[in-house]
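Worksheet: one structure, shown below.
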Amino acid sequence: MKTNTFARFVAPSVLLMLSLMAAPLMVTFYLSVRNCVPDMEIVKVQQSGPFGTTESMTQQVKLDSSGKPITLCRFVGLDYYRSVLGLGSAQSVSANGNEPPDSSSNAAANHRSTEFTGALNFTLLYTLVTTPFVLLLGFLVALGVHHSAQRFRGTLITASLMPFIITPVVAALSIKWLFRDNGLVPYFLSQFDISVFWMAEAWSARFLIILYGIWHSAPFAFIVLYAGLQSVPQDSLEAATIDGANRWQKLRYVTLPHLMPLIIFITLIHLMDAYRVFEPVIVLTQGAFTTSVQYLTYYILVTETNPYKASAAAVLTTAGIFVLLIPLLVKTWKEQRRGG
Amino acid sequence: MKKQSIGWTALIYGGLALWLVLASLPIVWTAIISLRQYVDAFSIPIKWVAPITFENYTSLWIDKQFYKNFLNTVIVTVGTVTISLTVGCLAGYALSRYRGSFGFWLLIIALVFRSLPHSTLLPSFYVMFDAIGIRNEYFTLILVLVAINQPFTIWMLRSFFVNIPNELDEAALVDGCSRFQAFRKVIIPVMWPGVITTGLFSFLLAYNDFLLSSSLVNADKMTMPAAIANAISAESEAFLMQGVAGAVSITIPLVILVIIFQKQIVSGLTQGAVKG
């Protein structure tokens, strides 16, 4: 295919990605170093009452000729980055009044000062804890289904796919309802005199998010590893049997090496997906005890309604993705160079 | 598998049964309590059997007009899948046939975009769309969903197109077809299984999206998952039970989908893996 024809075929797709992914990303960079506030003016308001006319001063948004509010925008440099990272107070930003005043309680101020690092910490914890469990559980289920009778497999696969296919926000909600006060799980635990208010404490809320992550992603690992198990070379297994290998040795020295590329593939996909964990965080804690990087941007944007500060958080999040992907990118780049 | 000892068989089936219970418990229990009144749904001790009522569903679908959200979902998913596949097939086909380095770099950049958390794009979407005045439009939401779907779509379609032998379209070219004619008349007809599989995943992405669907459009244009956001913090009993009914309503089409298209979903999930 000629480059010319290629360009015409990919044009719509590239145009879409450029205008709705690449360009917004650039705009995010631009927004993150700026701040805009509505231009306020002090006006005299005359009120005519029964006892004569009173004059008062009041603040009001300036409007341009078409009736739209005028906004004043200026360059604020890294101020929002500092505020998101909790490095000292962002003087010039607060002066503009867009930052909520620090009059709230000490705890809230503390929470805010560690916003991004806190979110990043939990995101990394979530990623590191879920990955091995997803692989292990997926592998065990794959082994089980592989060794089960043919007639059960269809049903088993369908049922196993559900946690992965189901809408994440619905899945997180159904887990929340399961663990809610008077729900099924607290009832079972109460039989053993264990009483935990799952959504009311930091550790248990985090535990639930991680539990959700494993439950949601294990089916993906299962499907991929199950497909991989079908293609394990039978003669190698038979040769190992003849050489006197037991079950465990065959698994360890024949099956696992064969599945290794798939395990790396699953880990990679799961790393990317875990980094953007969002739905369980908003559903299970509403950000009360723990946040993830993707939730943080959303929260600053929607609750604090500050797209400039949210942009700073977004840029930091994007930087994190690159750090995560660098090993992979370097590897493909080297391969590409070697391949010419 | 040859003869297995009874112990192993018991272990395998016991383990699988446990997994089945764990995998389906949240969904099945939600479905059960959706047919109950609040007092029966959340009670100590747990009630295994309780009177069945469809009150939650009627109050959600009729009083809360959930059918509007259902229609919004139909509009958004149909739009997203159609545009995604049209644009993606063109690009995926070209990527499978082109040997230059542009193709390689396009795929790598797409991979980086695929891993981008969607909320990083939201602040600029807010500012950009407000400036042009296209926020709160179905079309905007559809195009955004198509765009964030593209990286995944072109990767998957490319891997399907690669399996179709080059000779097929080259024969068509020799016979006097243009590239586009060869693509439309010769390649697409044999590509249906791949197109359906990719379409399924595009559908799932649009259908399951919560973040963008709940932030780019107002309540009257929200899809079903975005609309049940109320249930997240619902403390009132009526709201909560409506949320439960909503959760089940959203899940039923997915269950049907998985049962019908199980093969395609499995092949789609393993497609990328097999290629490495």
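The values are calculated or read from the model by the stated rules, or taken from the named source; none is laboratory data. Please read all numbers here as calculations on a predicted model, not as lab measurements. As a convention, Cβ positions derive from the backbone with ideal geometry for all residues, glycine included, and neighbour counts pool all protein chains shown. Surface accessibility is based on the protein's heavy atoms, side chains included, excluding ligands, DNA and RNA. Shrake-Rupley method; radii C 1.70, N 1.55, O 1.52, S 1.80 Å.
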Study note, to complete from the structure: With criteria (1) part of a helix (DSSP H, G or I); (2) free of Cβ contacts under 8 Å to residues at least 12 places away in the same chain, B:Ile44 comes up short on (1)
Check your understanding: Do we have B:Ala227 as within 7 Å of chain A (Cβ to nearest Cβ), among the small types (Gly, Ala, Ser), surrounded by 18 or more Cβ atoms within 10 Å (Cβ to Cβ) and in contact (Cβ under 8 Å) with a residue 60 or more places away in the chain here?
Key -> no
Exercise for review: Look through the range B:42-55, keep the residues that are out of contact with any Lys or Arg (no Cβ under 8 Å at 6 or more places or on another chain) and more than 11 Å from chain A (Cβ to nearest Cβ), and return whichever of them is least open to solvent (accessible area, probe 1.4 Å).
Suggested key: B:Glu55
Exercise for review: Working only within the range A:296-324, note down all residues that are within 7 Å of another protein chain (Cβ to nearest Cβ), open to solvent by 10 Å² or more (accessible area, probe 1.4 Å) and without any contact (Cβ under 8 Å) to a residue 60 or more places away in the chain.
Suggested key: A:Tyr298, A:Val302
Point to revise | Residues satisfying the stated conditions in the range B:230-252, i.e. open to solvent by 30 Å² or more (accessible area, probe 1.4 Å), of a type outside the set (S, T, N, Q) and without any contact (Cβ under 8 Å) to a residue 40 or more places away in the chain | key: B:Glu235, B:Phe239, B:Ile252
Study note, to complete from the structure: Listed by first then second residue, the pairs whose first member lies in the range A:140-162 and is within 7 Å of another protein chain (Cβ to nearest Cβ), whose partner is not in a helix (DSSP H, G or I), with beta carbons under 7 Å and at least 6 positions apart or on separate chains, are A:His147/B:Met1; A:Leu156/A:Ser148
Revision key, fill the gap. In the range A:234-265, residues that are surrounded by fewer than 11 Cβ atoms within 10 Å (Cβ to Cβ) and away from chain B (no Cβ under 14 Å) total 3
**Study point:** One residue from B:Ala227, B:Ala238 being in a helix (DSSP H, G or I), under 25 Å from B:Pro117 (Cα atoms), modelled with pLDDT under 90 and of a type in the set (A, V, I, L, M)
**Key:** B:Ala227
Check your understanding: Can you tell me which of B:Val39, B:Val28, B:Val78 is open to solvent by 40 Å² or more (accessible area, probe 1.4 Å), more than 17 Å from B:Phe152 (Cβ to Cβ), at pLDDT 90 or above and within 14 Å of chain A (Cβ to nearest Cβ)?
Key -> B:Val28
Point to revise | Cross-chain or 6+ apart pairs with Cβ under 8 Å, the range A:164-192 first and within 8 Å of chain B (Cβ to nearest Cβ) and at negative phi, then open to solvent by 40 Å² or more (accessible area, probe 1.4 Å) and aromatic (Phe, Trp, Tyr) | key: A:Asp181/A:Phe197
**Study point:** Condition broken by B:Gly14, with the remaining ones in (1) without any contact (Cβ under 8 Å) to a residue 40 or more places away in the chain; (2) under 29 Å from A:Gly213 (Cα atoms); (3) surrounded by 15 or more Cβ atoms within 10 Å (Cβ to Cβ) satisfied
**Key:** (3)
Review point. Restricting attention to the range B:216-223, does a residue exist that is open to solvent by less than 20 Å² (accessible area, probe 1.4 Å) and assigned to a helix (DSSP H, G or I)?
Key: no
Review point. For B:Ile108, which of the numbered conditions (1) farther than 29 Å from A:Val293 by Cβ; (2) part of a helix (DSSP H, G or I); (3) facing chain A (nearest Cβ under 9 Å); (4) not aromatic (Phe, Trp, Tyr) fails to hold?
Key: (1)
